[in-house]
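Asker: Before I ask anything, let me first share the structure, which is written out below as structure tokens.
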Amino acid sequence: MQSLADESVVVIGAGIGGLSTACYLADAGADVRVVEKNEQLGGRASRLERDGFRFDMGPSWYLMPDVFERFFADFDRTPSEYYELTHLDPHYRIFFKDGDGRGVSDGSNESENAEYVDITPDLERTKELFEAYEPGAGERLERYLETSRENYEVGMKHFVYEDRSRLRDYVDLDVARHARGLTLLGSMQGHVENYFDHPRLQQIMQYTLVFLGGSPSNTPALYNLMSHVDFNLGVWYPDGGIGAVIDAVAALGGELGVEYETGRPVSEIKGREGAFLLETPDGPIRADLVVSNADYAHTERELLTPERRGYDADYWESRTYAPSAFLLYLGVEGEVDELAHHTLVLPAEWEDHFDRIFEEPAWPEDPAYYLCVPSETDDSVAPDGHSALFVLVPIAPGLEDTPEIRDRYREKILADIAENTGADLRDRIVLEERFCIEEFADRYNSFQGTALGLAHTLRQTSLFRPPHRSEAVDGLYFVGGDTTPGIGMPMCLISGELTAEAVLEDYGRQDRR
């Protein structure tokens, strides 16, 4: 087997990708140290704890359980050794603002517009729901999900777990054979329209694009595989929240010998192969090899001198970025039974919202947004008699973000929630924290305050994403959502494996034990 014994590696940033890389490199024998600028591990998957309330600050959906099972199995472990999972039912609830009378109102909502549908683990029930909107849609859903399953199985095996980051990786008959059956070209909008006519059904099939930081018009049809993730693999909740998953991966790394240091930002990467010096406020750190889990653009623009960068400023300025977000973390008195653990509120014309993210950036007038109420499932996240929830509104990165704008938008969103779900939170809030563009840029060094990084457009997918290896500095590597396979916790977990494979390919030695 390949060994990295006697190699010292520093991982900059403790997001899920950096933690994953650290595990693989330590397992290969390297002396691994993770340094993190913030006060806790997890990167965007940090936790906020105040007055007995606990919130996952970033990712809140546990999807693709097979990826987590595979990761832990690589180290002869299982997720259940670290955390338990609850299969959510419903997976999520969707409120539609159009109020066309076809939604469900259970009588508990004060608003006449509070119509919703629940997507449950019961596929037959979901087919009946689709059929109610459009004759034949139930059968078409089944066909759509079969295509989605095939794309997922082929795509994951041959194009996600295998790092095809260079054009020559695709000039291969075996690759062509596997790619032939995939739905590769066109947009998700066009692909979904081939199956469903009703706008609500199209929205249900496309909402997962928010996890990829794209819109129906700019995300490749290949990502219909996300519907297999959603409908077939299910939506889960790790007891304790996503933070429990971060704890688990970090604990695994500790068992393998990884050392962690928080509150130590890196300001510059000096030297090169075999003699890196990382400048920090507490003095330099020496390393043989370096893996950056800091945002790719930040690493190149701020931590490396111009001659050591793989991309110039024009490259980063010309990219399409995933949305930022306006977030309200709220502790409220009482229950919020109108909302499910995961709840989406969608306008009739959500194209306008996407246009205000990707085409003509502006704060959306009629926003689509997401509410997460983990206290519906987990009593430990809120004090007795209270609920913990957060509101997330996707917005364009780089927008003007002032206290006055936030105040106005807060009132707008809370009123919208009351009107369209029946859950009036305004007089019940006992704790409130806000997070927006400015915090994303400051806390995570994210370019223009994007919440996720590079969007998954056709020109920014697969080999069109920045590579794991630095193109200018030997011994420097990258991991995280800006690299392959892309955005999201499962993808970043896999990114860690791919980065470690690149390091082993370049510096691993045959272990003769």
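Every number here is computed from the coordinates shown, using simple stated rules; none is lab data. Note that this is a predicted model, so its numbers are computed, not measured. Glycine also receives a Cβ, built like all others from the backbone with ideal geometry; neighbour counts cover every protein chain displayed.
Asker: According to a simple spin-label model (label point 7 Å from Cα along Cα-to-Cβ), what is the distance in nm between GLU162 and ARG443?
Answerer: So the label points at ARG443 and GLU162 sit 3.9 nm apart.
Asker: Just how far, in whole angstrom, is the stretch 132-150 from the stretch 343-394 if you go by their alpha carbon centroids?
Answerer: First find each Cα centre; the distance between them is then 27 Å.
Asker: For the chain, what does the relative contact order come out to in percent, with C-alpha contacts under 8 Å and a separation of six or more? Can you show the working numbers first?
Answerer: Details: 1052 pairs, mean separation 125.1, N = 513.
Normalised by residue count, the contact order of the chain is 24 percent.
Asker: Roughly speaking, what % of Cα-Cα pairs in the chain are separated by over 44 Å, rounded to a whole number?
Answerer: When all Cα pairs of the chain are counted, 12 percent exceed 44 Å.
Asker: Something else about it: Determine which lysines satisfy two conditions relative to LYS157: a Cα distance under 30 Å, and not lying fewer than 8 residues away in the same chain.
Answerer: LYS127
Asker: A follow-up question, please. Mind checking the stretch 246-345 for chymotrypsin sites (Phe, Trp or Tyr not before Pro) that DSSP puts in a loop (not H, G, I, E or B) and that have at most 16 other Cβ atoms within 10 Å?
Answerer: Of the chymotrypsin sites (Phe, Trp or Tyr not before Pro), the ones in loops of the stretch 246-345 whose Cβ has at most 16 other Cβ atoms within 10 Å are TYR311.
Asker: Between PRO306, THR461, LEU256, whose Cα lies farthest towards the positive end of the dipole of the chain when Lys and Arg beta carbons carry +1 and Asp and Glu beta carbons carry -1, centred on the Cα centre?
Answerer: PRO306
Asker: Can you pull the one-decimal nm distance between simple spin-label points at THR305 and SER267, each 7 Å off the Cα toward Cβ?
Answerer: 1.7 nm
Asker: Between PHE464 and GLU279, with labels modelled 7 Å along Cα→Cβ, what's the label distance in nm to one decimal, could you check?
Answerer: Going from the PHE464 label point to the GLU279 one covers 3.7 nm.
Asker: Work out the length of the dipole vector of the chain about its Cα centre, built from +1 on the beta-carbon of each Lys and Arg and -1 on the beta-carbon of each Asp and Glu, and round it to the nearest 20 debye.
Answerer: Roughly 1660 debye, rounded to the nearest 20.
Asker: Between Rg and the Kirkwood Rh of the stretch 252-371, both from Cα atoms, what is the Rg to Rh ratio?
Answerer: On the way: Rg = 21.5 Å, Rh = 19.2 Å.
Radius of gyration relative to Kirkwood radius: 1.12.
Asker: Mind listing which GluC sites (Glu not before Pro) in the stretch 258-317 are in a DSSP loop and have 16 or fewer other Cβ atoms within 10 Å?
Answerer: GLU273
Asker: Here is a follow-up. Using 0.36 nm per residue of separation minus the Cα-Cα distance, give me the extension gain between ALA251 and ARG77 in nm, one decimal.
Answerer: 61.5 nm
Asker: Here is a further query. Could you point to the residue in GLY422, TYR409, LEU277 farthest towards the positive end of the stretch 269-423's charge dipole, with +1 and -1 charges on the Cβ of Lys/Arg and Asp/Glu respectively?
Answerer: Among GLY422, TYR409, LEU277, the one farthest towards the positive end of the dipole of the stretch 269-423 is LEU277.
Asker: Hey, which lysines would be in cross-link range of LYS412, C-alpha to C-alpha under 28 Å, not counting anything within fewer than 8 residues on its own chain?
Answerer: LYS97
Asker: So which lysines pass the test for LYS37, namely a Cα distance under 23 Å, with those fewer than 8 places away in the same chain ruled out?
Answerer: LYS270
Asker: Another one. About the Cα centre of the stretch 232-332, what is the dipole size in debye to 20, counting +1 per Lys and Arg Cβ and -1 per Asp and Glu Cβ, all else neutral?
Answerer: Dipole magnitude for the stretch 232-332 comes out near 120 debye.
Asker: Could you please report the charge total around GLU360, scoring K, R as +1 and D, E as -1 over all other residues with beta-carbon less than 13 angstrom from its beta-carbon?
Answerer: Around GLU360, the surrounding residues sum to -4.
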